[in-house]
Amino acid sequence: MNLYPSNIMQEYSSYPFTITPVQYQTQSVPPPYQMYQTNLQAVLPLLQRAVKGERNDELFYDYLIQNAPSNQDREIITSIRDDERRHRQMFRHMYYALTGQQITESTTGEPFNIPPSYLAGLEKAIFGELSAVELYRKIYFTIPYTVFKNMVFEILTDELKHASKYNFLYAKNK
């Protein structure tokens with residue numbers, strides 16, 4: 001059963017203008033609000049930074065897992081590390097979908113400095129997660145397409161959850 005008449009497009013095609021979705025209309029944006037404007041060229045290097053950051057976090061969290069004082073700590077950090085792996089794949093997917101190219105990851109990341117203690121490592125993890133939130137917020141503002149914004153929103157909220165979990169571990173082990 002067809003709910004629309006077969007000539008519906010003909011009826012609308014007689015309009016003397018075309019309708020452009022609001023998100024694609026070019027409008028001047030006042031300078032203080034330009035950071036909220038979608039910008040494909042600006043988001044690509046941010047996605048590359050995100051992939052690199054997620055990989056570095058994954059390696060750092062492997063260290064924390066090995067040095068965690070309890071099974072509960074290990075389980076929590078392992079779940080966070082696994083999220084970071086998934087986030088990295090999501091960012092790689094977004095980059096590929098936008099460019100048709102894979103992100104080339106260097107095998108040498110930031111040098112890993114062993115924290116002086118497990119607690120110092122947790123503190124570094126807390127602030128690392130919060131720093132990631134700031135980067136991902138920029139990605140959210142500049143990335144096109146709702147599906148990618150939704151993916152970034154999921155990652156962003158995971159990072160906030162991770163910071164809360166690390167705060168819990170820090171308070172528990174202090």
Subset tally (residues that are over 22 Å from residue 62 (Cβ atoms), of a type in the set (Ser, Thr, Tyr) and part of a helix (DSSP H, G or I)) for region 121-174:
4
Would you point out the residue of region 122-145, among those that are of a type in the set (Gly, Ala, Ser) and surrounded by 15 or more Cβ atoms within 10 Å (Cβ to Cβ), that is farthest from the chain's Cα centre (by Cα)?
125
Checking residue 117 against (1) surrounded by fewer than 18 Cβ atoms within 10 Å (Cβ to Cβ); (2) in contact (Cβ under 8 Å) with a residue 60 or more places away in the chain; (3) among the small types (Gly, Ala, Ser), only one condition comes out false. Which one?
(2)
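Quickly run through region 146-174 and pick out the residues that are of a type in the set (Phe, Trp, Tyr) and over 15 Å from the mean Cα position of the chain (by Cα). Outline the logic, then answer.
Just the residues of region 146-174 that are of a type in the set (Phe, Trp, Tyr), to begin with: 148, 153, 166, 168, 170.
Matches in region 146-174: 166, 168, 170.
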Which residues, taken from region 42-92, are among the basic types (Lys, Arg) and more than 14 Å from residue 121 (Cβ to Cβ)?
49, 52, 55, 85, 86, 88, 92
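Hey, can you tell me all the residues within region 68-108 that are among the acidic types (Asp, Glu) and surrounded by 14 or more Cβ atoms within 10 Å (Cβ to Cβ)? Step through it out loud before you land on a result.
Narrowing region 68-108 to residues among the acidic types (Asp, Glu): 73, 75, 82-84, 105.
Once the filter is applied, which keeps residues that are among the acidic types (Asp, Glu) and surrounded by 14 or more Cβ atoms within 10 Å (Cβ to Cβ), region 68-108 yields 73, 83, 84.
No lab work stands behind these numbers, since they all come straight from the coordinates. Everything quoted here is computed from the prediction, not taken from an experiment. Here Cβ is always computed from backbone atoms with ideal geometry, including for glycine, and neighbour counts include all displayed protein chains.
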